[in-house]
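These notes concern the structure reproduced below.
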Amino acid sequence: MSERFRELESLGASRRKDVVLLATVTSFDSLRHPRKSDLHQFAELFHPLFETSSDEARRQAAAVLSRSPHVPASVALQIGSAPIAIAAIFLTRAPAIDDATLLEIIKTGSPAHATAIARRENLSVRLVDALVDRRQTAASPVLPSVASVKAALSAPTDETRLAREEKLRDELKTLARQ
């Protein structure tokens, strides 16, 4: 066992940070039901390690945490805001990301971040609306027609609301495939 610690000493400083990041993530991932203190401690350890580690270690950490159902919101935001090469798998698969975090990433992230979020299954209506708004504002700021404004102002019934939501989901899925 002590030989393994000696191996860590012989590694370069950047490589040690990678090893410590991956060990921290692996240890956290092994917890079935982390306590509140475990979540807090993990977040405190994770933030500086993630920032100073190599891209490959960050990508591996994001992949491991994309399977975990218990990721602190601050950690999810940090991973989701990373360059898309690191964040993509986390944004498309992580069950622990809440809608508020995803909305923040849609607003502040790149179009590639929004595309990765669009590939998630079971998007909420708020997320679909935010993704469509992001897509429309990125394409071109066109003034809406009078008919579309009137339709938006009329009170939607449950049937029209459900039809609108389904149409938006279909459009989003089509855009994500492109």
With all protein chains modelled, accessible area of Asp170 [1.4 Å, Å²]: 80 Å²
With DNA, RNA and ligands ignored, accessible area of Thr174 (1.4 Å probe; Å², nearest 10): 60 Å²
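So, counting K/R as plus one and D/E as minus one, what does the shell of residues with Cβ under 14 Å around Val64 add up to?
It works out to a net charge of +1.
Would you kindly state how much longer the chain becomes between Lys107 and Lys167 on full extension, computed as 0.36 nm times their sequence separation minus their alpha carbon distance, in nm to one decimal? Provide the component values of the computation, followed by the final result.
Values: separation 60, 0.36 × 60 = 21.60 nm, distance 2.22 nm.
Full extension from Lys107 to Lys167 adds 19.4 nm.
What is the calculated FRET efficiency for Asp55 to Ser124, with r their C-beta to C-beta distance and R₀ = 25 Å, to the nearest 0.05?
Numbers: r = 31 Å, r/R0 = 1.23.
The calculated FRET efficiency here is 0.25.
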Of Lys36/Lys167; Lys36/Lys107; Lys107/Lys173, pairs whose Cα-Cα distance is over 31 Å: Lys36/Lys167
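The values are calculated or read from the model by the stated rules, or taken from the named source; none is laboratory data. Remember, predicted model here, so these are calculated numbers, not experimental data. Neighbour counts are summed over all protein chains in view; Cβ atoms, including those assigned to glycine, are modelled from backbone coordinates with ideal geometry. Only protein heavy atoms, including side chains, enter the accessible area calculation; ligands, DNA and RNA are left aside. Shrake-Rupley method; radii C 1.70, N 1.55, O 1.52, S 1.80 Å.
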